[in-house]
Amino acid sequence: MGLLSLGSPLSWEETKKWADHVRKHGIQQLINIYRRLKDRHGDVLKWGDEVEYMLVVLDENNRTARLSLKGNQVLEQLEKRERESPNDPPTTWRPEYASYMIEGTPGKPYGGLMGHFNMVESNMRLRREELLSLLDRELGETAISFTVFPRLGSPAFTDPQVECNPTVNTASRSLFFPDAAINHHPRFRTLTRNIRERRGEKVCINIPVFQDKNTPKPFRETFSNGDEESRKAAKDDHIYMDCMGFGMGCSCLQMTFQACNIDEARHLYDQLAPLCPIFLALSAAAPVYRGYLADVDCRWNIIAGSVDCRTREERGLEPLKDDKFVIPKSRYDSIDCYLTPEAQKYNDIDLVLDQDICQQLEDAGIDRLLARHFAHLFIRDPISLFSEKIHLNDDEESDHFENIQSTNWQSMRFKPPPPNSPIGWRVEFRPTEVQLTDFENAAYVVFIVLLTRVILSYNLNFLIPISKVDENMQEAQKRDAVRQGLFWFRKEVLPPNECCEEDPKPKPAAKSYSQYNGSCQQEEYTKMSINEIINGQAGGFQGLVSLMNSYLETVEIDVDTRCSVQQYLRLIQKRASGELMTTARWIRAFVQNHPKYKYDSVVSDEIAYDLTKVSDEITKGIRSCPELFGMLNSRTKVSLPPVVHKKLRKENPDHDILT
């Protein structure tokens with residue numbers, strides 16, 4: 001959850017006074033990092049994942065499922081174990097936005113060996129077991145990797161139940177999400193309050209309700225306490241939400257990987273950006289909000305709206321007077337520009353940026369493309385600031401840079417190295433929705449990280465105009481987008497005159513992207529289904545899995561790892577083809593087939609209880625769910641194969657098997 005500084009949080013009015021100071025020193029900190037580390041080379045691949053869990057209480061007697069607000073106590077115990085571990089702990093734990101959420105990561109990053117792919121699922125299992133060991137099963141406590149809890153924001157959705165109204169909720173002013181459900185770390189409540197105060201009103205999220213045969217038409221909510229702001233903000237035939245908790249209170253799955261140098265990091269950032277909407281749709285897991293079925297399958301627009309701190313002027317609703325820019329997007333959204341010279345011509349949307357900052361960065365030796373990227377991020381104000389963190393040493397610290405960098409929550413994140421750290425240039429892949437089981441989450445992680453190796457090995461090119469990526473992000477969130485949607489994608493991703501081993505016939509030479517001009521870019525890409533993108537099409541695009549299998553034939557890989565990787569690829573393939581359900585499709589079907597469902601879009605307490613209980617049983621392996629993932633039979637291991645381990649120890653006695 002970004003920068004987790006501790007201290008005395010400032011109000012928005014106080015923070016605003018220091019906004020230019022934070023930007024000025026944040027840019028200087030970036031310049032200092034760049035000058036020291038721009039020529040850093042030779043870093044090896046290190047990578048890891050982040051899984052966010054929700055703590056839930058299942059009350060069998062009353063048939064209710066509630067979100068447990070004991071996350072802070074559980075986290076304290078997890079962090080204590082971490083500190084007291086005699087050796088390096090295999091897991092690490094961090095706070096997340098809500099009191100019912102906890103984030104788990106591997107204790108150390110994985111490395112560049114193929115065998116590391118086979119360790120991901122085992123480590124995820126270990127994390128879940130460690131978390132579950134601290135919960136009271138007799139009280140019905142459990143941990144589930146839901147993307148969105150189905151009754152989030154509904155009456156009495158927390159355990160313990162807490163009062164919830166705009167008077168009590170001084171940070172959010174929410175009708176539905178209690179401030180008591182926000183994590184106790186001062187960053188989170190401060191963000192909630194300052195986003196609302198900077199915006200000048202509550203955040204406003206409206207997503208279309210799913211129109212079933214008995215859903216009222218128009219679907220219109222009434223608010224019992226007569227909240228006029230909410231009444232005006234809520235749209236007919238939409239589910240209305242009014243605070244940060246509805247977005248940041250969702251869970252996700254993210255991957256970060258270290259590149260060998262800055263150029264490779266920029267290249268991977270660009271090449272993965274067009275894949276963000278594809279994997280958003282493939283991982284879709286969020287069709288229910290505030291106890292209603294929605295006509296979308298993903299959380300993306302909800303979370304974008306939940307942190308949209310733009311004023312009315314910045315949203316273009318009033319003429320600019322007090323603000324500098326009209327800003328098209330929330331600070332949580334898809335990226336707005338590529339970073340490499342070969343991708344420059346695909347930057348086809350107007351980039352709002354601070355020209356003075358851009359010039360300062362260029363004068364410091366940062367090339368124009370990268371300077372524009374950061375000058376775009378730095379049009380934002382800091383929205384959380386601590387009094388102890390105002391005056392910093394710009395040569396030794398980067399908190400002001402990270403303050404703004406880490407609150408631009410985009411689909412991809414380009415991450416400079418921290419000062420005085422062995423960590424290199426990194427890229428973060430951020431759109432994926434979290435899945436119910438460790439097998440599924442491992443499959444998505446392995447697929448993306450393995451794909452980065454294929455991109456670099458085959459010099460693949462996925463570039464399409466940024467405007468088309470934006471279109472794809474909206475398409476990805478539609479109901480059943482995996483089976484019904486069409487997405488802009490490149491017709492040919494291999495360099496000219498190259499083909500994969502599984503398709504040995506030479507292909508007609510394709511022009512490289514540097515040979516195209518703007519008038520014929522349309523020839524490079526077309527609309528495809530996700531099935532075609534992942535699995536290929538006869539006489540057309542070869543499919544990502546075909547390229548990945550070709551790569552796997554060229555590398556040394558042990559039998560167990562190959563078995564697990566193939567199962568992970570097969571899961572993605574079958575999700576893409578529709579043979580297996582996405583989590584969103586499965587949840588929607590569960591609700592609509594429930595005997596107590598009235599075809600009115602309402603996910604009642606009883607339906608939510610049964611959904612949560614079944615999800616928990618699936619997560620723990622008590623119940624099979626072949627429609628979601630087939631049969632689980634990976635050969636995941638907690639460590640590298642003995643033969644690999646022995647070889648590495650022989651070559652380097654001090655070798656760390658994880659890194």
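What follows is calculated from the coordinates using simple rules that are stated; it is not laboratory data. Predicted, not measured: the structure shown is a model, and the values here were computed from it. Note that each Cβ is placed from the backbone with ideal geometry, even for glycine, and that neighbours are counted across all protein chains shown.
So for each of 164-171, 312-319 I average, over its residues, the number of other beta carbons within 10 Å; can you give me the resulting order with the highest mean first? Working shown, then result.
On the way: 164-171: 16.2, 312-319: 14.0.
For the peptides 164-171, 312-319, the packing ranking is 164-171, 312-319.
Could you check how many percent of all C-alpha pairs in segment 332-444 are farther apart than 18 Å? Summing the P(r) tail past 18 Å for segment 332-444 gives 62 percent. Exposure proxy ranking for Leu320, Leu275, based on other Cβ atoms within 10 angstrom of each Cβ and starting from the fewest, stands as Leu320, Leu275. Measuring against 31 Å, Cα to Cα, the residue pairs Lys329/Lys596; Lys324/Lys527; Lys217/Lys620; Lys345/Lys527; Lys217/Lys574; Lys46/Lys478 contain Lys329/Lys596; Lys324/Lys527; Lys217/Lys620; Lys217/Lys574; Lys46/Lys478 as the ones spanning a longer distance.
Mind ordering 335-347, 585-597 by average Cβ neighbours within 10 Å, highest first?
Working: 335-347: 19.7, 585-597: 17.0.
Going from most to least packed, we get 335-347, 585-597.
Give me the extension gain from Arg81 to Lys232: residue separation times 0.36 nm, minus the current Cα-Cα distance, reported in nm with one decimal. Walk me through the numbers before you get to the answer.
Numbers: separation 151, 0.36 × 151 = 54.36 nm, distance 4.90 nm.
In short, 49.5 nm is gained.
Taking amide hydrogens as placed 1.01 Å from N in the peptide plane, the amide H of Ala98 sits under 5 Å from those of Asn183, each at least 5 positions away in sequence or on another chain. Which distance in nm do the two modelled labels at Leu317 and Glu579 give, with both placed 7 Å along the Cα-to-Cβ direction? In this crude label model, Leu317 to Glu579 measures out at 4.9 nm.
Work out how much length Val638 to Ser467 would gain on full extension: take 0.36 nm times their residue separation and subtract the Cα-Cα distance, in nm to one decimal.
57.3 nm is the gain from fully extending Val638 to Ser467.
Among Leu191, Leu37, Leu152, the ranking by other beta carbons within 10 Å of each residue's beta carbon, starting with the fewest, stands as Leu37, Leu191, Leu152. Rounded, prolate or oblate: which fits segment 181-238, taking a ≥ b ≥ c as square roots of the Cα gyration tensor eigenvalues, rounded meaning a/c under 1.5, else prolate when a/b beats b/c? Here segment 181-238 falls in the prolate category. What the phi angles of segment 573-582 give under the Karplus curve with 6.51, -1.76 and 1.60, with θ = phi - 60°, is a coupling list of 4, 6, 5, 5, 7, x, 5, 10, 6, 6 Hz, glycine and proline written as x. Look at where the Cα atoms of segment 157-173 and of segment 616-636 average out, and the two centres are 36 Å apart. Scaling against 2.2 N^0.38 Å puts the C-alpha radius of gyration of the chain at 0.93. Computed from label points 7 Å out along Cα-Cβ, the spacing between Asn61 and Ala180 is 2.0 nm.
Run through segment 5-65 and list the GluC sites (Glu not before Pro) located in a DSSP loop whose Cβ has at most 12 other Cβ atoms within 10 Å.
Values: sites: Glu13, Glu14, Glu50, Glu52, Glu60; in loops: Glu60.
Passing both the DSSP loop test and the Cβ count: Glu60.
Distances between placed amide hydrogens fall under 5 Å for Ser68 paired with Leu55, Val56, Val57, Asp159, all partners being 5 or more residues away or on another chain.
Its Cα centre serving as origin, the chain has a Cβ charge dipole (Lys and Arg +1, Asp and Glu -1) of approximately 680 debye. For segment 1-64 versus segment 546-598, the spacing of their alpha-carbon centroids is 31 Å.
Mean silhouette area of segment 208-323, derived from the convex hull of its C-alpha atoms and averaged over all directions, reads 11.2 nm². A crude spin-label estimate for the pair Met631 and Asn214, with each label 7 Å from Cα along the Cβ direction, gives 4.0 nm.
Which of Cys309, Cys563 has the fewest other C-beta atoms within 10 Å, and how do the rest follow up to the most? Mind showing how you got there, number by number?
Values: Cys309 24, Cys563 16.
So the ranking, lowest neighbour count to highest, is Cys563, Cys309.
A straight line joining the Cα centroids of segment 313-368 and segment 430-459 runs 29 Å.
Kirkwood radius and radius of gyration were both taken over the C-alpha atoms of segment 120-203, and their ratio Rg/Rh is 1.07. The length gained by stretching the chain between Gln566 and Glu342 to full extension, at 0.36 nm per residue less their Cα-Cα distance, is 77.3 nm. From the helices alone, meaning DSSP H stretches of at least four residues, give me the mean residue ellipticity at 222 nm for the chain, per-run term -39500 (n - 2.57), in deg cm²/dmol to the nearest 500. That comes out to -10500 deg cm²/dmol.
What is the local net charge at Gly578, summed over the other residues whose Cβ is closer than 10 Å to its Cβ (Lys, Arg +1; Asp, Glu -1)? Before the final figure, lay out each step's value.
Numbers: positive: Arg483, Lys574, Arg575, Arg585; negative: Asp480, Glu579.
Around Gly578, the charge tally is +2.
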